[in-house]
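Taken together, the values in this text are just the output of simple stated rules run on the coordinates, not laboratory data. Here the structure is a predicted model, which is why all the values come from computation and not from measurement. No Cβ is skipped: glycine too gets one built from the backbone with ideal geometry, and neighbour counts run over all protein chains shown.
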Amino acid sequence: MSKNLHGSRIRLGAQNIHWADEGAYTGEISGAMLTEVSVNYVVVGHSERRQYFGETDETVNLRLKAAQKHGLTPILCVGETKAQRDAGETENIIINQLKNDLVEVEQRNLVIAYEPIWAIGTGDTCESKEANSVIGLIRAQLSNPDVTIQYGGSVKPDNIDEIMAQPEIDGALVGGASLDPASFARIANYQ
């Protein structure tokens with residue numbers, strides 16, 4: 001796939017990176033392995049990695065720094081659970097994730113994705129104005145206001161136009177809808 005993309009505008013991404021360049025880390029992938037196959041981006045801190053694989057803010061931070069060390073652009077995912085949202089803790093959760101995840105991380109080579117955990121794969125989408133507000137909160141925590149900040153969480157053809165009309169939202173991190181070519185094409189060609 002990487003070879004077929006050479007010369008195109010499409011960039012290749014990976015779903016994870018390990019912080020160590022080498023060692024006995026079966027099942028992990030190093031930055032050197034990703035750059036060898038011309039990967040440009042890597043998702044770090046996705047809620048599924050945090051929930052099912054024990055990712056912590058500390059390991060997310062290590063993965064972010066490893067990605068940047070190898071010239072990759074990390075896509076940091078942050079977001080709250082439904083219980084946290086219902087308890088009014090969204091702002092505190094997001095601020096704490098950013099504070100801990102971004103220690104010694106270069107913000108000139110970074111993408112952030114706000115992915116409310118309660119909206120991932122559920123069909124429930126965060127209202128676009130609420131997503132815009134949280135993304136504005138994220139931007140206010142950064143030293144570089146030009147960091148690309150995306151929204152992810154049940155992004156679909158029928159909500160992409162409203163999502164992308166929001167002033168703070170720079171793009172979308174698309175999951176399940178990317179598996180259907182027609183749906184993904186409509187998302188990529190939002191109005």
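For this structure, a couple of remarks:
- Here's the picture: a label point sits 7 Å out from the Cα of Val103 along the beta-carbon direction, and within the range 29-56 the residues with their amide nitrogen under 14 Å of it are 56.
- Build a GNM of the chain with springs between Cα atoms under 10 Å apart, and of Glu115, Glu130, Glu91 the one that fluctuates most is Glu130.
- Here each label is just a point 7 Å from Cα along the line to Cβ, and for Ser38 and Arg139 those points are 3.4 nm apart.
- Restraint check, Lys129/Lys156; Lys82/Lys129; Lys99/Lys156, Cα-Cα greater than 20 Å: Lys99/Lys156
- Estimated distance in nm for a label pair at Gln15 and Ser2, the labels positioned 7 Å out from Cα along Cα-to-Cβ: 1.8
- Tyr151, Tyr52, Tyr41 arranged by Cβ crowding within 10 Å, fewest neighbours leading: Tyr52, Tyr41, Tyr151
- In terms of other Cβ atoms within 10 Å, Arg63, Arg139 run from fewest to most in the order Arg139, Arg63.
- Three-way shape call for the range 4-52 based on the alpha-carbon gyration tensor, with the a/c threshold at 1.5: oblate
- For the range 2-188, the residue among Ala140, Leu173, Gln84 whose Cα projects farthest onto the positive side of the dipole built from Cβ charges is Leu173.
- Based on C-alpha pairs under 8 angstrom that are at least 6 apart in sequence, the chain has a relative contact order of 15 percent.
- Net +/- balance of residues flanking His70 in space, Cβ distance below 12 Å, scoring K and R +1, D and E -1: +1
- Least to most buried among Lys99, Lys65 (fewest other Cβ within 10 Å first): Lys99, Lys65
- Cβ-derived FRET efficiency at R0 22 Å, Ala83 paired with Lys129, nearest 0.05: 0.50
- If you sort the three axes of the alpha carbon gyration tensor as a ≥ b ≥ c, you get a/c of 1.5 or more for the range 41-149 and a/b above b/c, which makes it prolate.
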